[in-house]
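Accompanying notes for the structure given below.
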Amino acid sequence: MLKINIQISIITLTKDDNFKFLKTLKSIKSQKRTFNIEWIIIDGSKKQNQVKNHNYIKKRLIEDEQIIIKHINVNELNINGIYPCMNYGKKISEGKFIIFLNSGDTFFNKNSLKIFFDNSLTTDLDNSLIFGQAEIIANKKISWHYPGKRLKNINIWLKFFEPNHQSMLVSSDIAKSTFFKEESKISADKFWKKEVLNKANHIQYINYPICKFFL
């Protein structure tokens, strides 16, 4: 069987919130691209909600040959918790780069994945991190960009802060060798991002919003 060249794996965790899942699905479907992506859905929903999610996928994405879909029922695998699920998603991914976009999160606009892809072509595939801004949305009237639009020195910023993981495109070698500390219920994401930053030989910052993160 011919192996499909997957540029980007998107990993989405969802549990019993079909409305948020559908929002993320629509964002992925809207992306302009000429390259293959893999969408790994780690679904801990009850059976009826998993059926709804599968029907959404079948209705909107099943005919898109550039999206390879893996819809995983983690209840059958006896995997519990956010970080064990994120580690499992990384383990089974096949893309050259990996990004986490959990249920309810969206890309900033229809060009976000293309911007990531174009930047990935200009860098070494190994030990690389590409990240952009996240639009943090508190409510309909309050939002801001992170990092800020007026940031002058990204290297100084990185000494004190980490990007949103929804705005991080991580090369597969780093992502798969860096595990979320499952025993840390609150700070595992922060520890993971710090380790990714330390391992990356090449870090590229895109001074443009890539994702929307809803508080």
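The values are calculated or read from the model by the stated rules, or taken from the named source; none is laboratory data. Not measured: the values here are computed from a predicted model. Note that we place each Cβ from the backbone using ideal geometry, even for glycine, and neighbour counts take in every protein chain shown. Side chains included, ligands, DNA and RNA excluded: accessible areas come from the protein's heavy atoms. Shrake-Rupley method; radii C 1.70, N 1.55, O 1.52, S 1.80 Å.
Things to note:
- Two-site FRET efficiency, LEU125 against LEU61, from Cβ-Cβ distance with R₀ of 41 Å, rounded to 0.05: 0.95
- When the GluC sites (Glu not before Pro) in the stretch 119-215 are filtered for DSSP coil states and for at most 11 other beta-carbon atoms within 10 Å of their beta-carbon, the remaining sites are GLU183.
- The stretch 174-215, accessible surface, carbon-and-sulfur percent (1.4 angstrom probe): 54
- The longest part of the chain holding none of the exposed loop trypsin sites (Lys or Arg not before Pro), meaning those outside H, G, I, E and B in DSSP with at most 13 other Cβ atoms within 10 Å, is 47-109.
- Förster-model FRET efficiency, 35 Å R0, TRP144 and ASN5, C-beta, rounded to 0.05: 0.40
- Given [x] 17.6; [y] 18.3; [z] 25.0, the label whose value is Kirkwood radius over Cα pairs in Å derived from this model: [x]
- The simple spin-label model puts a point 7 Å past each Cα toward its Cβ; for PHE191 and ILE68 those points are separated by 3.1 nm.
- Relative contact order %, the stretch 135-215, counting alpha carbon pairs below 8 Å whose residues are six or more apart: 45
- The stretch 44-173 - percent relative contact order, Cα under 8 Å, separation 6 or more: 28
- Zone of GLU182's modelled label, taken as backbone nitrogen in the stretch 17-50 under 17 Å from a point 7 Å along Cα→Cβ: 42-44
- The chain: calculated mean residue ellipticity at 222 nm from DSSP helix runs of at least 4, using -39500 (n - 2.57): -9500 deg cm²/dmol
- Whole-percent carbon and sulfur share, accessible surface of the stretch 24-75, 1.4 Å: 48
- Rolling a 1.4 Å probe over the protein heavy atoms gives the chain an accessible area of 53 Å² per residue.
- Taking every alpha-carbon pair under 8 Å whose residues sit at least 6 apart, the stretch 93-155 reaches a relative contact order of 20 percent.
- With the simple model of a label 7 Å out from the Cα in the direction of the Cβ, ASN207 to ASN75 spans 4.9 nm.
- Estimated FRET transfer efficiency when R0 is 41 angstrom, pair PHE160-LYS29 (beta carbons, to 0.05): 0.65
- Long pairs among LYS20/LYS47; LYS149/LYS212; LYS96/LYS159; LYS114/LYS190; LYS20/LYS212, criterion Cα-Cα beyond 19 Å: LYS96/LYS159; LYS114/LYS190
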